[in-house]
Amino acid sequence: MPEPNRSPWQIQPGLGGWPFWSLVEQRVTVILSCDACHHEAQWTPAEIDRRSKGARSRNFGMIAKKLRCSKCRSEWVTISLAPGCHLAK
């Protein structure tokens, strides 16, 4: 279990403020890693688009507190870009 003095979810610096529509447009894949059970899920651009229906202007910073591991339901989740993915400046 991660240290108790931090928020359960962590977002890679620079990723939290990007709106979902922009991540889809830039064809970015995002990795959600569980700090408790070490399960990893990949959200491809299609998956990000599907999950953000009706809320495309939102970003991970706005929904992170609602995210849970799909395997163990832990809220200790780290959100980061997949290796090789880059965001345009």
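The values are calculated or read from the model by the stated rules, or taken from the named source; none is laboratory data. Note that this is a predicted model, so its numbers are computed, not measured. Cβ atoms come from the backbone with ideal geometry, glycine included; neighbour counts cover every protein chain shown.
Consider residue 24 carefully, then state whether it is in contact with a Pro (Cβ under 6 Å, 6 or more places away or on another chain), surrounded by 13 or more Cβ atoms within 10 Å (Cβ to Cβ) and aliphatic (A, V, I, L, M).
yes
What's the total number of residues in the range 27-47 that are in contact with a Leu (Cβ under 8 Å, 6 or more places away or on another chain), of a type in the set (A, V, I, L, M) and surrounded by fewer than 17 Cβ atoms within 10 Å (Cβ to Cβ)?
The qualifying residues number 2.
Checking residue 50 against (1) loosely packed, with under 14 Cβ neighbours inside 10 Å; (2) in a loop (DSSP other than H, G, I, E, B); (3) not aliphatic (A, V, I, L, M), which test does it fail?
In the conditions (1) loosely packed, with under 14 Cβ neighbours inside 10 Å; (2) in a loop (DSSP other than H, G, I, E, B); (3) not aliphatic (A, V, I, L, M), residue 50 misses (2) alone.
Using the structure shown, decide if residue 61 is over 16 Å from residue 15 (Cα atoms) and modelled with pLDDT under 95.
Considered against the rule, which asks whether it is over 16 Å from residue 15 (Cα atoms) and modelled with pLDDT under 95, residue 61 comes out as no.
Go through (1) exposed (fewer than 15 other Cβ atoms within 10 Å of the Cβ); (2) more than 21 Å from residue 6 (Cα to Cα); (3) of a type in the set (A, V, I, L, M) for residue 62 and report which single condition fails.
(2)
Please find, within the range 41-74, the residue that is nearest to residue 85 (Cα to Cα) out of those that are of a type in the set (D, E, K, R) and touching a helix residue (DSSP H, G or I) at 6+ places or on another chain (Cβ under 9 Å).
The extreme case among them is 49.
Does residue 69 satisfy the condition of being of a type outside the set (Ser, Thr, Tyr), touching a His at 6+ places or on another chain (Cβ under 8 Å) and on the phi < 0 side of the Ramachandran plot?
Here the answer is yes, as residue 69 does meet what is asked.
Among the candidates 21, 9, which residue alone is touching a residue at least 40 places away in the same chain (Cβ under 8 Å) and not hydroxyl-bearing (Ser, Thr, Tyr)?
Unique residue meeting the criteria: 9.
Could you give me the residue pairs with C-beta distances under 6 Å whose first residue belongs to the range 39-54 and is closer than 16 Å to residue 70 by Cα, whose second residue is outside any helix (DSSP H, G or I) and of a type in the set (D, E, K, R) wherever it lies, and which are 6+ apart or on separate chains?
So the pair list comes out as 39/71.
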